[in-house]
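To keep things clear, I will list the structure first and then write my remarks on it.
Derivation of every value follows stated rules applied to the coordinates shown; laboratory data play no part. Predicted model, so just to flag it, every value in this text is computed and none were measured. Virtual Cβ from ideal backbone geometry, glycine too; neighbours counted across all protein chains shown.
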Amino acid sequence: MSKNTVALVDCNNFYASCEKVFNPHLADKPVGILSNNDGIIVALSNELKKLGISRGTAAFKINKHFIKKHDIKLFSSNYTLYGDMSARVMNTLSSFTPDLEIYSIDEAFLSLSGFEHLDLTDYGRQIKKTVWLHTGLPVSVGIGPTKTLAKIANRFAKKHNFAEGVFDITKHPDKDKILRWIEVGHIWGVGRQYAKMLCRNGITNAYELTQVPDNWVQKKMTIIGLRLVKELRGISCIDLEIDIKPKKEIVSSKSFGNPVTELQDLMEAISDYCSVAVKKLRSQNQVASLVIVFLSTNRFKNEPQYANYAKVRLPLPSAYTPDFIHAANRIIKKIYRPGYKYKKVGVMLADIMHQSKTPLDFFQPTYLDDYRKVIMDCMDDINNKMGSHKITYASAGIKKPWQMKREKLTPSYTTSWKHIPVVKAI
Ligand SMILES: [Mg+2]
């Protein structure tokens, strides 16, 4: 069997770090990123963690004097910025391996099998340095013979200053010592319930878990748990997922910043979400034929409640946005009831297939052969080049009073000409 080597590269405090890249004043400041509608803290810089704030803290619960005293900076989540920075990181990483699995917005597994003749710690440092050079983002690199061990190595690299952000677990003289340091709850794939169960049975760290007989693990944690334990022992059982699986459904929905009561506003919002969802569909070279629209009031509020959804099937699978806006607006008119305060509306595209697989129709050309595709491609080109929403649908409205509350939003530094940072040499 050939040797397996994997690196896990993970951006440190990704959202907060993205904000710091473009605002040098924030370098050593405590930074927190807020959820949709500026509700709770979803990401923190190390400086903010040190002040005892944790993920999930409601922003309004942090004392104003405390914020002022420690000069805490809070921002709305700027997903345009984070998405683009993520793409830049992944692009850089792809030059270090032929096989890359993008695991999340800020994490990727890199296959380094066949690279073992190199000093992999050195190679990891090179990866770290290059990402920093290209993007200004700090990353940690963990290297191991399995994905699970690479995850553990990454955690070690992050938590121990002497590792300077890069750690190869195979190079450590005492691997068991590292595993003893990892609590079971911190092992990749061990959920809270399993962690509790393991602790009840006296298994508190990763090393102890590797010592448990296979049949016990399989009985208590299924075959998936057994796979995980084998990975901890250094036997690779979880392959890299290199092909991006096209999505079976695409959903676009958001909570409103303020409750929406008017049908017209709901129609605008749904048109906007349609354009986002269908653009995504096109970027995967797909068409869809089922449109589902849902809306709901805020169930946490003590006021009249209503939620509903309905669907419409298009005559032929399409990726032409106006087809979907038209269908979605028909649905929303049908399910809208006046007199409610709506919190959320959304659209879901389903029955998705590749554009080349669209069934032929006697009466109209398929999307792939139609002028509709030419129009959409043209629109996507312009928006990709000139910034998103340069060309947009009138039905999505202009003032957009229904938009999310994002009062502390930073500019889209990397994706909008208007927001490009200005550098002054004095
Ligand atoms: Mg991270």
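Descriptive notes on the structure:
- Semi-axis lengths, largest first, of the ellipsoid equivalent to region 57-109 are 36, 10, 10 Å, with √(5λ) applied to each eigenvalue of the Cα gyration tensor.
- Taking the alpha carbon gyration tensor of the chain, multiplying each eigenvalue by 5 and rooting it gives semi-axes of 41, 28, 25 Å, largest first.
- Region 192-234: translational diffusion in µm²/s, Stokes-Einstein, Kirkwood Rh over Cα pairs, 10 °C, 1.306 mPa s: 156 µm²/s
- Here the average projected area of the convex hull drawn through the C-alpha atoms of region 173-244 stands at 5.6 nm².
- Angle in degrees between helix 120-135 and the longest Cα principal axis of the chain, rounded to the nearest 10: 30 degrees
- Given charges at Cβ of Lys, Arg, Asp, Glu: region 173-244 dipole, positive-most of Q193, V229, I182: Q193
- Coil-residue trypsin sites (Lys or Arg not before Pro) of region 326-414, DSSP, other Cβ within 10 Å capped at 12: K399
- Each Lys and Arg adds +1 at its Cβ and each Asp and Glu adds -1 at its Cβ; summed about the Cα centre, region 173-244 shows a dipole of about 400 debye.
- One compactness figure for region 319-401 is 1.36, namely its Cα radius of gyration divided by 2.2 N^0.38 Å.
- Ranked C274, C18, C237, C11, criterion: other C-beta atoms within 10 Å, fewest first: C237, C11, C274, C18
- Space enclosed by the convex hull of the alpha-carbon atoms of region 232-303, per residue, Å³: 177 Å³
- The phi-based Karplus calculation (6.51 cos²θ - 1.76 cosθ + 1.60; θ = phi - 60°) puts the 3J(HN,Hα) values of region 293-302 at 10, 10, 8, 7, 8, 8, 6, 8, 9, 8 Hz, whole numbers, x for Gly and Pro.
- With R₀ fixed at 25 Å, the C-beta to C-beta distance from K50 to K405 puts the FRET efficiency at about 0.30.
- In degrees, nearest ten, helix 371-386 long axis to first principal axis of the chain (Cα): 60 degrees
- Counting only Cα atoms, region 1-170 measures 59, 30, 25 Å along its principal axes, largest extent leading.
- In region 71-144, the alpha-carbon atoms span a convex hull of 112 Å³ per residue.
- Under 19 Å from a label point set 7 Å out along the Cα-to-Cβ vector of D377, the amide N atoms of region 273-289 belong to 278-288.
- Signed unit charges on C-beta, dipole axis of the chain, positive-most listed residue M376, N46, L349: N46
- Set of region 101-116 residues, backbone N closer than 14 Å to the point 7 Å along the Cα-Cβ line of R233: none
- Fully extending the segment from N215 to D361, taken as 0.36 nm per residue of separation minus the present Cα-Cα distance, adds 47.0 nm.
- Hz values of 3J(HN,Hα) by residue in region 278-290 - Karplus curve (6.51, -1.76, 1.60), Gly and Pro given as x: 6, 5, 4, 4, 5, 5, 9, 6, 10, 10, 9, 10, 10
- Scanning the chain for chymotrypsin sites (Phe, Trp or Tyr not before Pro) lying in DSSP loops with no more than 10 further Cβ atoms inside 10 Å, the longest uninterrupted stretch between such sites is 1-299.
- Couplings 3J(HN,Hα) of region 192-197, computed from phi: 4, 5, 5, 4, 4, 4 Hz, in residue order, whole Hz [Karplus 6.51 cos²θ - 1.76 cosθ + 1.60, θ = phi - 60°; x for Gly and Pro].
- Taking the square roots of 5 times each eigenvalue of the Cα gyration tensor of region 74-211, largest first, gives ellipsoid semi-axes of 28, 20, 13 Å.
- Helix 321-335 axis, angle to the chain major axis (alpha carbon atoms, nearest 10°): 80 degrees
- Between amide H atoms placed 1.01 Å from N, distances below 5 Å from K254 occur with V345, all of them 5 or more places distant or on a separate chain.
- Evaluated over the Cα positions of region 126-273, the convex hull gives a direction-averaged projected area, one quarter of its surface, of 14.5 nm².
- Beta bridges per DSSP, both residues in region 1-170: antiparallel share near 75 percent.
- The alpha carbons of region 250-396 stretch over 51, 36, 21 Å along the principal axes, in descending order.
- Cleavage-rule hits (GluC sites (Glu not before Pro)) in region 236-341: DSSP loop, at most 13 neighbouring Cβ within 10 angstrom: E241, E249, E262
- Taking region 173-244 and dividing mean pair separation by its residue count, relative contact order in percent (alpha carbons under 8 Å, at least six apart): 24 percent
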